[in-house]
Amino acid sequence: MAQPKIDTSLKTWDEIKTTTCYMCACRCGIKVYLKDGTVKYIEGNRDHPVNKGVICGKGASGIMQHYSPARLSKPLLRVGERGSGEFREIDWEEALQLAATWLKKVRAEDPKRLAFFTGRDQSQGLTGWWATQFGTPNYAAHGGFCSVNMAAAGLYTFGGSFWEFGEPDWKHTKYFLLFGVAEDHASNPIKIGLGKLKARGVKIVSINPVRTGYSAIADEWIGIRPGTDGLFAGALIHELLASRKVDLDYLARYTNAPWLVIRNEGHADDGTFARNANGEPLIYDAVIGRPLSAYRADTSPKLVGEFTLVDGRRAVPSFMLLTERFLADEYSPTAVAEKCGIPADTIRRIAAELARTAFDEELCLNIGWRDWAGRIHDKMIGRPVSMYAMRGISAHSNGFQTCRTLHFLQILLGTIDVPGGFRYRAPFPKPAPPGIKPSGKPGQVKPNTALPGPPLGFVTSPDDLLIDKEGTPQRIDKAYSWEAPFAAHGLMHTVIANAAKRDPYGIEVLFLYMANMSWNSAMNVAETTAHLTAKDEKTGDYVIPHIIYSDAYASEMVHYADLILPDTTYLERWDCISLLDRPISEADGPADAIRQPVVEPDRDVRPFQTVLLDLGARLGLTGMTNEDGTPRYPGGYADYMVNHERSPGIGPLAGWRGKEGVFHGRGEPNPRQLERYIENGCHWFYELPDHVKYYRHANRDYLEWASSFGFIGRPEPIVFQLYLEPLQKFRLAAQGHGAVQPPEAHRARVARYFDPLPGWHEALEESVRDHKEFPLHAITQRPMAMYHSWGSQNAWLRQILGRNWLYLARSRGEELGLADGDWVHVISATSRIKVQVKLMDGVNPDTVWTWNAIGKRSGAWALSPDAPEAKKGFLLNHLIAELLPERDGSYRYSNSDPVTGQAAWYDLRVRIEKAPAEEAAVSAPQFPVLKRLAGLVAGRRA
Ligand code: SF4
């Protein structure tokens, strides 16, 4: 009998549209296959600069994100108590009127009583500008609890950073060090890069307490103890300095290593740079034998020695102080080995391998270039060692200085923006630090008035802080106060607790976007929900009177808001991946992208960015309203993307500008700009010519081009700040110098942690816990398959990971009498949880860990209340205290880095006890089941 013919290549689509993935932060180009208006399939776009056709499991599963049963479908107004899940469906006009009424009142009385914070927002160019026009300083995205330590350390040190600010020179590097991990959103580009290294046989060394993901394919895994990466990097520096394997020429040309630091202990100028009458820093010239301006090109600066200035003061090159710091015994491999959990010989060997690769395998590209002083170089010298770091080293209270130390190591080897090293991605490099100061000082926040500048920026002295005469913070999260002076991304993790305690003041409206603050984004979930539901004892009203929340999904946060503005999925809207925001540029040139709606929403939802512009127009905000009071962008976010100009000729999108669409970077708005993007696969990329692809911090042609594109204000060289004078200014203030000094309670802390030299100090939580009582470090990792809490409700991704376990070293588990599957109590100084364990080999023996944001609250995300995510899954968050313990009856600081305010998620110490057999096999704590929300649409199969 003839076999039936099966067609295995049925055409299942009738249309293909390009757009940009939002299943993680990489923002790959994708092609969406549609049939009858239904999403059938998603694949990578081969022409896209970010992923070149690669798609990951998350990206392919976007289809189930789009059809998730947890999608919100209509604006909701709370009618029961917060947390009850009692809402009434309302129409958009009622929702927007209500939001506008609340916001209008706040703006007319005191704009800072609005706290506007966003989570996984990819439109910070808009949201930050909106906050500025509203007039509130209380704005930030989620960077303060993610990786601000890394961003700030890099921007203050060399005007760039890891993450999407730069990347290893995948093509030329010969040795790669990877610190920490964030495999969920440092995904396809890193995987593609690692693949290239593997193909060339390049050695990959992963420094991480846990051997998962990228560490699993590394040639060498170093299972470091959490929070000691700075010590490890410091020991590598010690070895390189001791063996004189450093690039002195690079240091002298491109860094402040030769700048003279005044030695005048006890005086207001101690530790500041010696300057001439024009304010230019000085170096000591070895040939002329006297100090000269550091900005001259024709000098021969000394890097060591002590010199006398013309006024008789003594000064030394900052490099002397750096070498004194790192050549000290405390940074020797022998001294750090036990603390780091790494044998001293391993540290010495890695240092030798770094030195050998950087100096014995020097690269030379025969490409001529012109430096900032106009000197012509006939080739580009490369040191083929590259490094990359992710969240693991950042989310500690010593993370800022750890990241600074790592950058010092890179710079000591001469590896920033050279062939084979670490390369900037546009719009970086920026001046170190960028010149924008935060707005929100007393007198700058006025009724019905925009702020004079953006709420976020870079302070360089105590004069820049947002505090009043008594030192009281002006922001609700206390960013840019003595508690967190360099809080370049704000402190979102402190907002709810501070607002509930009215410390430093009460707020009227909390406005959140895509931030699951009542669950996996909260330190101490129980206390956070208590803050969100706290009532005033006298009036019986909520202490935070109004909470507006926008999200596409029924996350745990929805239940604790009053007014829900349902967002679209990422396949239903316009979006702008802008150079004014978080870039997707390549090292070879700038890039940006758009999202276009590939399908129309089938629910009564609106894109948040369009809603924000609508609210701005209703409030009459400058820039969002015409003179006659009509909306400036009646076409919503797409209209804004095309027609908004941040400065003349500079808009959200850099491609095809000008009326005819022939300019790139700068040019008038182009009414057909979005069409041009769509024709090009929804992205734009401009490849730089070869002579401006490296040494961009000092490459005159690059700097002139970057200035014309609006990336930097002036085409001046960017000098790496190894010695960070702004930190010294804070230290001097704490020592009693200057007009703005910390209140007595903060002085010791500022003096202790504002060290102008990079280095390592013990993490704050660690330093106050009894290590015998809490012998283990507890950390989280993100799996490649999931991007924060979105992924763990996705029907396809849940099949990869439907619950989490607590992992610990086999040796430790056996010591504790534990076997796979045993239930244990994990106990911190403030709380306890109950979880199930698994034993493994690839983990530091003093560390336990789990996947983050897999555990869900029962009833949330339209999952069954008995879903494994709720009954077996768990969060470590319950164990983490929001505040550090009191010391000597003093003020309780937030559990954050003392410099930047970065949330110290990974400083946690715990102990483990086996749970009694009679206890139920359910993770703990369990919270009351959240009621299913009204109007959730049924999930749909593609
Ligand atoms: S790496 Fe991220 S952006 Fe790229 S396809 Fe995967 S989820 Fe999407």
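The values are calculated or read from the model by the stated rules, or taken from the named source; none is laboratory data. Note that the structure is a prediction, hence the values are computed from the model and not measured. FYI the Cβ positions are ideal-geometry reconstructions off the backbone, even for glycines, and counts take in every protein chain you see. The protein model used for the area step is the full one, side chains on, heavy atoms only, and it has no ligands, DNA or RNA in it. Shrake-Rupley method; radii C 1.70, N 1.55, O 1.52, S 1.80 Å.
Derived scalar couplings between HN and Hα for region 656-661 equal 6, 8, x, 4, 9, x Hz in order, rounded to whole Hz, by the Karplus curve 6.51 cos²θ - 1.76 cosθ + 1.60 (θ = phi - 60°), x for Gly and Pro.
Averaging the Cα positions of each part gives two centres, and for region 309-329 and region 341-404 these lie 23 Å apart. Per-residue Karplus couplings for region 9-14, computed as 6.51 cos²θ - 1.76 cosθ + 1.60 with θ equal to phi - 60°, are listed in order as 10, 4, 7, 9, 9, 10 Hz, Gly and Pro entered as x.
In summary, the convex hull built on the alpha carbon positions of region 702-765 has an orientation-averaged projected area of 6.9 nm². Taking the DSSP beta bridges with both ends in the chain, the antiparallel portion is around 60 percent. In straight-distance terms, cross-link reach from Lys538 covers every one of the lysines whose alpha-carbon lies under 24 Å from its own, apart from those fewer than eight places away in the same chain; here that gives Lys105, Lys112, Lys501. Straight-line reach from Lys17: taking Cα to Cα under 17 Å and skipping same-chain neighbours fewer than 8 places apart, the lysines in range are Lys31, Lys35, Lys40, Lys52. Enter the angle in degrees (range 0 to 90, nearest 10) between the Cα long axis of helix 188-200 and the first principal axis of the Cα atoms of the chain, meaning the one along which they spread out most. Roughly 50 degrees, rounded to the nearest 10.
Label zone (Thr830, point 7 Å along Cα-to-C-beta; backbone nitrogen cut-off 20 Å) within region 366-408: 394-400.
Helical content alone sets the calculated 222 nm signal of the chain at -7000 deg cm²/dmol, taking -39,500 (n - 2.57) per DSSP H segment of four or more residues and averaging over every residue. Electrostatic tally near Gly649: other residues with Cβ closer than 10 Å to its Cβ, Lys and Arg +1, Asp and Glu -1, net +1. Reported to the nearest whole Å, the Cα centre-to-centre distance from region 838-884 to region 618-695 is 42.
Can you give the FRET efficiency to the nearest 0.05 for Asp701 and Ser293, using r as the Cβ-Cβ distance and R₀ = 25 Å? FRET efficiency, Asp701 to Ser293: 0.55.
Apply the Kirkwood formula to region 234-319: the hydrodynamic radius equals the inverse of the mean of 1/r over all pairs of different alpha-carbon atoms; give it in Å with one decimal.
One over the average 1/r among Cα pairs gives 13.5 Å for region 234-319.
For Gln781, the residues whose modelled amide H falls within less than 5 Å of its own, excluding neighbours fewer than 5 places apart on the same chain, are Thr850, Trp851, Asn852. Please work out the C-alpha center-to-center distance from region 1-80 to region 572-609 and express it in whole Å. Rounded to whole Å, the Cα centres lie 16 Å apart. Site pair Ala819 and Glu81 shows an inter-label distance of 4.5 nm when each label is modelled 7 Å from Cα along Cα→Cβ. Go through Ile192, Ser206, Leu621 and say which Cα lies farthest out towards the positive end of the charge dipole of the chain; charges sit on Cβ, +1 for Lys and Arg, -1 for Asp and Glu. So the residue we want is Ile192.
Each label point was placed 7 Å from the Cα along the Cα-to-Cβ direction; for Val304 and Thr622 their separation is 5.5 nm. Is the C-alpha gyration tensor of the chain telling us rounded, prolate or oblate? Criteria: a/c under 1.5 is rounded; beyond that, a/b larger than b/c is prolate, otherwise oblate. It comes out rounded by the Cα gyration axes.
With the highest mean first, a sort of the peptides 111-124, 210-223, 906-919 on other beta-carbon atoms found within 10 angstrom per residue produces 111-124, 210-223, 906-919. In this structure Glu167 has an accessible area near 30 Å², from a 1.4 Å probe over the protein heavy atoms.
Between the Cα long axis of helix 92-109 and the first principal axis of the chain there is an angle of about 40°, rounded to the nearest 10. Taking amide H atoms as placed 1.01 Å from N in the peptide plane, the amide H of Thr625 lies under 5 Å from those of Arg632, each 5 or more residues away in sequence or on another chain.
Length gained on full extension, Ala373 to Glu716: 122.5 nm, using 0.36 nm per residue less the C-alpha separation. Distant-in-sequence amide contacts of Arg383, defined by a placed amide H-H separation under 5 Å and a gap of 5 or more residues or a different chain, comprise Leu363, Gly421.
Sequentially through region 732-742, phi angles give Karplus couplings (6.51, -1.76, 1.60; θ = phi - 60°) of 4, 4, 5, 8, x, 10, x, 6, 10, 10, x Hz, Gly and Pro residues having no value and appearing as x.
If you sort the three axes of the alpha carbon gyration tensor as a ≥ b ≥ c, you get a/c of 1.5 or more for region 660-803 and a/b no higher than b/c, which makes it oblate. Dipole magnitude for the chain: about 940 debye, using +1 per Lys or Arg Cβ and -1 per Asp or Glu Cβ, origin at the Cα centre.
Measuring only protein heavy atoms, the 1.4 Å probe finds Asp503 accessible over about 60 Å². Put simply, the convex hull of the Cα atoms in region 524-586 casts, on average, a shadow of 7.1 nm². Within the straight-line cut-off of under 26 Å between alpha carbons, the lysines reachable from Lys871 are Lys58, Lys834, Lys838, Lys856, Lys914, Lys931, sequence neighbours fewer than 8 places apart in one chain being disregarded. If you take all other residues with their beta carbon under 10 Å from the beta carbon of Glu86, and give Lys and Arg +1 and Asp and Glu -1, the sum is +3. Tell me whether region 388-436 comes out rounded, prolate or oblate; compute the Cα gyration tensor, take square roots of the eigenvalues as a ≥ b ≥ c, and use a/c under 1.5 as the rounded threshold. It comes out oblate by the Cα gyration axes.
Dipole orientation for region 358-492: of the candidates Gln410, Ala373, Pro442, Pro442 has the Cα lying most toward the positive pole (charges on Cβ; Lys, Arg +1; Asp, Glu -1).
Relative to the longest principal axis of the Cα atoms of the chain, the long axis of helix 608-618 lies at roughly 90 degrees. Set the Förster distance to 45 Å, then compute FRET efficiency between Asp7 and Glu645 from the Cβ-Cβ distance, nearest 0.05. Taking R0 as 45 Å, the efficiency between Asp7 and Glu645 is 0.25.
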